[in-house]
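Have a look at the structure below, then the notes.
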2 protein chains.
Amino acid sequence: MAKPGTKGRPPGAKGGGRATRAQFVEATIETLKREGFAGASARAIARTGGLNQSLIFYHFGSINDLFLAALDETSARRMESYRAAVDGARSLAELVDSAARIYREDLESGHIKVLAELIGAASAVAGMGRQISERIAPWTHLAREAIQRVVGASPAAALLPPEELAHAVVALYLGMELLTNLDGDRSTAEALFNRAALLAPMLSALFPGPTQAGG
Amino acid sequence: MAKPGTKGRPPGAKGGGRATRAQFVEATIETLKREGFAGASARAIARTGGLNQSLIFYHFGSINDLFLAALDETSARRMESYRAAVDGARSLAELVDSAARIYREDLESGHIKVLAELIGAASAVAGMGRQISERIAPWTHLAREAIQRVVGASPAAALLPPEELAHAVVALYLGMELLTNLDGDRSTAEALFNRAALLAPMLSALFPGPTQAGG
DNA sequence: GTCTATACTTGGATAGAC
DNA sequence: GTCTATCCAAGTATAGAC
């Protein structure tokens, strides 16, 4: 359809720069997952995608900008899943179930690996920490919305405000993923989700919210 | 410019090598805190400590071994504080209070910064993930002991075994420190600790343990 | 837009004098 | 054990042809 706006395409170029950009982003995600931040050099990324190393600087300016573009892409993809999973949850039990599903998907997709690498790399680059932090903020927002919807009207919300609980949930989630990523053992995390699934109905019974009351 | 210090020490002097080793470990911790993993090169570390870059390879073999030595050192130091703080806690409320104090100390001391950097770097080096994981295990162990002592005999322990709770606590703790480290904002974490301090007495009242009963 | 070639920098690691 | 000097590999980034 519409061409990339002001960017005219010379007759000789096939596919244009847009495809190349996307390929680089994909190759970056792939390389971060496989080789980690320290191994994700411009050369390594280009090799992964079968692309030319010098084009990174033409399209992105620097590899740090490429990293951020990669984080944007994988975050956007995951956020779709998050929203779909979380919006469907009507009770605390369903929400816990969604979280467990999201956790597994995050590990499979390697999104958390990309994020973990960049978190570790954050202090290496000036301003990177803030930029990563900004990309985590939507998670907290989403978590708060979901929590508010499910337990917001119960007395529990007064004791533990959704805002604070959301922060804790995101921190717990991030910590679990990182630890799982370190030792490669998913069983402890799975056990925790099973435990949460067991406790959720009890908590819902103790603090009935509007969704339970309304049927 | 030649630097002063241990230079004038006679050959074969006892303790000369040990002191240098310790200085390198200290300089590594310092550099990791200040410049991050990517910035902690052999040259940068040596510069921090006013030492000779080539000695790293004489004393440690490689800089990865130096990183692990640094992690060992800072972990050992922090574990002393952990044990002291946690062993003194007699109730859930005191335990939460200890955790908050430990959290602040971890941030101040920069231990968590070192750990975060190495976690991020883990996948860059083969086998590093496992070695870091091994150094986190004592935390989980300590947390489990403390939890068991404080709430082990209450009915809550049946619903949420100390073993699993300990894993969750460590993951939550790690996630909180990493997030705080990213955006530099401690207020959300502080709010969580305050909230926990508020809830702890309630939980203790709901599930009285042996220490409360014995009062 | 994409390529080849390369300038320039930094990093890990080693050799050999003292 | 510590130093100076250096090798070599890898990194980011740019120049210029097509």
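The values are calculated or read from the model by the stated rules, or taken from the named source; none is laboratory data. Computed from a predicted model, the values in this text were never measured in an experiment. All Cβ positions, even for glycine, are placed from backbone atoms using ideal geometry, and neighbour counts span all protein chains on display.
Looking at this structure, is A:Arg47 of a type in the set (D, E, K, R) and more than 23 Å from A:Arg149 (Cα to Cα)? In short, yes.
Exactly one residue out of B:Ile136, B:Ile102 is more than 11 Å from chain A (Cβ to nearest Cβ), under 16 Å from the mean Cα position of the chain (by Cα) and part of a helix (DSSP H, G or I): that is B:Ile102. Picking from B:Ala46, B:Ala19, which residue would you name as being crowded, with 19+ Cβ neighbours inside 10 Å, more than 8 Å from DNA strand C (Cβ to nearest atom) and away from chain A (no Cβ under 14 Å)? The match here is B:Ala46. Restricted to region A:63-87, and to residues there that are within 14 Å of another protein chain (Cβ to nearest Cβ) and within 16 Å of DNA strand C (Cβ to nearest atom), the residue that is farthest from A:Leu115 (Cα to Cα) is A:Ile63.
State all residues of region A:48-67 that are within 9 Å of DNA strand D (Cβ to nearest atom) and of a type outside the set (S, T, N, Q); if no residue qualifies, say none.
Start the filter on region A:48-67 by keeping residues that are within 9 Å of DNA strand D (Cβ to nearest atom), which leaves A:52-58, A:60-66.
Scanning region A:48-67 gives A:Leu55, A:Ile56, A:Phe57, A:Tyr58, A:Phe60, A:Gly61, A:Ile63, A:Asp65, A:Leu66.
With among the aliphatic types (A, V, I, L, M), more than 10 Å from DNA strand C (Cβ to nearest atom) and not in a helix (DSSP H, G or I) as the only criterion, which of B:Leu115, B:Leu51, B:Leu32, B:Leu107 stands out? Write out each step before concluding.
Working: B:Leu115 fails: not in a helix (DSSP H, G or I); B:Leu32 fails: not in a helix (DSSP H, G or I); B:Leu107 fails: not in a helix (DSSP H, G or I).
Sole residue among the options that is among the aliphatic types (A, V, I, L, M), more than 10 Å from DNA strand C (Cβ to nearest atom) and not in a helix (DSSP H, G or I): B:Leu51.
From the residues in region B:22-43 that are among the polar types (S, T, N, Q) and within 14 Å of another protein chain (Cβ to nearest Cβ), which one is farthest from DNA strand D (Cβ to nearest atom)? Steps first, please.
Restricting attention to region B:22-43, the residues satisfying the condition of being among the polar types (S, T, N, Q) are B:23, B:28, B:31, B:41.
Still in the running and within 14 Å of another protein chain (Cβ to nearest Cβ): B:31, B:41.
Details: B:Thr31: 17, B:Ser41: 11 Å.
This residue is B:Thr31.
Here is the figure for region B:190-206: residues that are crowded, with 17+ Cβ neighbours inside 10 Å and either more than 11 Å from every other protein chain (Cβ to nearest Cβ) or not small (Gly, Ala, Ser) (or both) total 5.
Criterion first (surrounded by fewer than 20 Cβ atoms within 10 Å (Cβ to Cβ) and on the phi > 0 side of the Ramachandran plot) does A:Gly88 satisfy it? Working first, answer last.
Numbers: surrounded by fewer than 20 Cβ atoms within 10 Å (Cβ to Cβ): yes; on the phi > 0 side of the Ramachandran plot: no.
Spelling it out, it is not the case that A:Gly88 is surrounded by fewer than 20 Cβ atoms within 10 Å (Cβ to Cβ) and on the phi > 0 side of the Ramachandran plot.
For the criterion of being within 14 Å of another protein chain (Cβ to nearest Cβ) and within 16 Å of DNA strand D (Cβ to nearest atom), A:Leu115 fails. B:Arg130 passes every criterion in (1) within 27 Å of B:Gly88 (Cβ to Cβ); (2) assigned to a helix (DSSP H, G or I) apart from (1). Restricting attention to region B:176-189, the residues that are more than 7 Å from every other protein chain (Cβ to nearest Cβ) and either out of contact with any helix residue (DSSP H, G or I) (no Cβ under 8 Å at 6 or more places or on another chain) or of a type in the set (Ser, Thr, Tyr) (or both) add up to 3.
All of B:Val169, B:Val150 fail the test of being modelled with pLDDT of 85 or more, in a helix (DSSP H, G or I) and within 10 Å of chain A (Cβ to nearest Cβ), apart from B:Val169.
Selection of first residues in region A:163-182 that are without any contact (Cβ under 8 Å) to a residue 40 or more places away in the chain and within 19 Å of A:Arg104 (Cα to Cα) and of second residues that are part of a helix (DSSP H, G or I) and of a type in the set (Ser, Thr, Tyr), restricted to Cβ pairs under 8 Å at least 6 apart or on distinct chains, gives the following pairs, ordered by first then second residue: A:Val170/A:Thr140; A:Gly175/B:Tyr173; A:Leu179/A:Thr188; A:Leu179/B:Ser133; A:Leu182/B:Ser133.
Would you call B:Ala157 under 19 Å from A:Ala191 (Cα atoms), assigned to a helix (DSSP H, G or I) and either at the interface with chain A (Cβ under 9 Å from one of its Cβ atoms) or in contact with a helix residue (DSSP H, G or I) (Cβ under 7 Å, 6 or more places away or on another chain) (or both)? Full working, then the answer.
Working: under 19 Å from A:Ala191 (Cα atoms): yes; assigned to a helix (DSSP H, G or I): yes; either at the interface with chain A (Cβ under 9 Å from one of its Cβ atoms) or in contact with a helix residue (DSSP H, G or I) (Cβ under 7 Å, 6 or more places away or on another chain) (or both): yes.
Yes; evaluated as a whole, the condition is true for this residue.
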